[in-house]
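The values are calculated or read from the model by the stated rules, or taken from the named source; none is laboratory data. Since this is a predicted model, take the numbers as computed values, not measurements. Please note: Cβ atoms are built from the backbone with ideal geometry, for glycine as well, and neighbour counts cover all protein chains shown.
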Amino acid sequence: MRILKKLLIVLVLIVAAVFVAGLSMPKTHKASSRVQLTASRDSVWAVLRNFGEYPKWHPDFKSSVRGERREGREVWVQDVNGMTMSIMVLEIQPPSFLVTEVVTDEKSQWGGIWTHELVANGTGTEVTITEEGWVKSPFFRVMMKLMGTHSTMDGVLRNLGAKFGEQVTPEHLKAGDGE
């Protein structure tokens, strides 16, 4: 019984420490990841813009179907690793600029905006994704920090590279670096 009591106290202390650590982290964040692909900007644009095809090239996407328009804007409902979310297309400037936002409500624990920038250069296309996000729960802030702020963007960029037969390593940008 004493051992169980001590284990319970240790568990409570760990949970409290994680909560306090999360409280000390900012609710909002901005992060950018970039890769260089040899594919043309038009080819990369066609893949990124076709949300319905994401499950064919990104294994975390189980489905991606057009949803009901919201505020007059295009919406896609996606199942990503067993979690359903909707994204709304905010801005499109083919073939170089795409902005999407996770559709949220007052119950949402996280959300944000992704800006995709495609720059044609002499060796193909530079693709940069910038996330301006927020995380409500202190526990989820700690989880995001442990998983890495760039992890979701990096996964998209690595799988995008693989779609074109390339193995890429995303570069993490500091504020002001190509943003």
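So how many residues does segment 22-42 have that are in a helix (DSSP H, G or I), out of contact with any Leu (no Cβ under 7 Å at 6 or more places or on another chain) and surrounded by 16 or more Cβ atoms within 10 Å (Cβ to Cβ)? Let's see the steps before the verdict.
First, pick out the residues of segment 22-42 that are in a helix (DSSP H, G or I): 22-23, 41-42.
Cutting the leftovers down to out of contact with any Leu (no Cβ under 7 Å at 6 or more places or on another chain) gives us 22-23, 42.
Going one step further and asking which of them are surrounded by 16 or more Cβ atoms within 10 Å (Cβ to Cβ), we end up with 22.
The qualifying residues number 1.
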Task: Residue in segment 139-160 that is out of contact with any His (no Cβ under 6 Å at 6 or more places or on another chain), part of a strand (DSSP E or B) and either modelled with pLDDT of 90 or more or not small (Gly, Ala, Ser) (or both) present - done: no
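Name the residue, out of Trp110, Trp57, that is hydrophobic (A, V, I, L, M, F, W, C), more than 30 Å from Phe164 (Cα to Cα), surrounded by 14 or more Cβ atoms within 10 Å (Cβ to Cβ) and under 17 Å from the mean Cα position of the chain (by Cα). Let's see the steps before the verdict.
Working: Trp57 fails: more than 30 Å from Phe164 (Cα to Cα).
After ruling out the rest, the residue left standing is Trp110.
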Task: Near pairs, Cβ below 8 angstrom, 6+ apart or cross-chain, from segment 51-77 (at negative phi) to any residue that is of a type in the set (Asp, Glu) - done: Phe61/Asp79; Lys62/Asp79; Ser63/Asp79; Ser64/Glu53; Ser64/Asp79; Arg66/Glu74; Val75/Glu68
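Within segment 71-79, identify whether any single residue is β-branched (Val, Ile, Thr) and part of a loop (DSSP other than H, G, I, E, B), and answer yes or no. Reasoning before the result, please.
Let us first name the residues in segment 71-79 that are β-branched (Val, Ile, Thr), namely 75, 77.
Still in the list and also part of a loop (DSSP other than H, G, I, E, B): none.
No; the residues of segment 71-79 include none that is β-branched (Val, Ile, Thr) and part of a loop (DSSP other than H, G, I, E, B).
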TODO: Please list, ordered by first then second residue, the pairs with beta carbon atoms under 8 Å, 6 or more apart or interchain, first in segment 31-42 and at positive phi, second surrounded by fewer than 19 Cβ atoms within 10 Å (Cβ to Cβ).
DONE: none
Open item on the list: If I filter segment 82-93 for residues that are at pLDDT 95 or above, farther than 20 Å from Ser64 by Cβ and assigned to a loop (DSSP other than H, G, I, E, B), do I get at least one hit?
Closed with: no
Task: Pair list, Cβ under 7 Å, 6 or more apart: segment 160-172 residue under 16 Å from Thr130 (Cα atoms), other residue in a loop (DSSP other than H, G, I, E, B) - done: Pro170/His150; His172/His150
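Quick grid of which residues meet (1) out of contact with any Lys or Arg (no Cβ under 6 Å at 6 or more places or on another chain); (2) more than 30 Å from Val168 (Cβ to Cβ); (3) modelled with pLDDT under 95; (4) assigned to a helix (DSSP H, G or I):
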residue	(1), (2), (3), (4)
Ile3	yes, yes, yes, yes
Ile9	yes, yes, yes, yes
Leu13	yes, yes, yes, yes
Ala17	yes, yes, yes, yes
Leu48	yes, no, no, yes
Ser64	yes, no, no, no
Glu68	yes, yes, no, no
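Could you tell me which of the residues Met153, Met83 is without any contact (Cβ under 8 Å) to a residue 12 or more places away in the chain and under 20 Å from Glu53 (Cβ atoms)? First the steps, then the outcome.
Values: Met153 fails: without any contact (Cβ under 8 Å) to a residue 12 or more places away in the chain.
None of the others qualify; the one that does is Met83.
Taking the residues in segment 97-133 that are hydroxyl-bearing (Ser, Thr, Tyr) and out of contact with any helix residue (DSSP H, G or I) (no Cβ under 7 Å at 6 or more places or on another chain) as candidates, determine which candidate is farthest from Val44 (Cα to Cα). Spell out the reasoning first.
So the first thing to find is which residues in segment 97-133 are hydroxyl-bearing (Ser, Thr, Tyr), and the list is 100, 104, 108, 115, 123, 125, 128, 130.
Retained after the next criterion (residues that are out of contact with any helix residue (DSSP H, G or I) (no Cβ under 7 Å at 6 or more places or on another chain)): 100, 104, 108, 115, 123, 128, 130.
Details: Thr100: 17, Thr104: 28, Ser108: 31, Thr115: 15, Thr123: 13, Thr128: 12, Thr130: 17 Å.
Across segment 97-133, the extreme among qualifying residues is Ser108.
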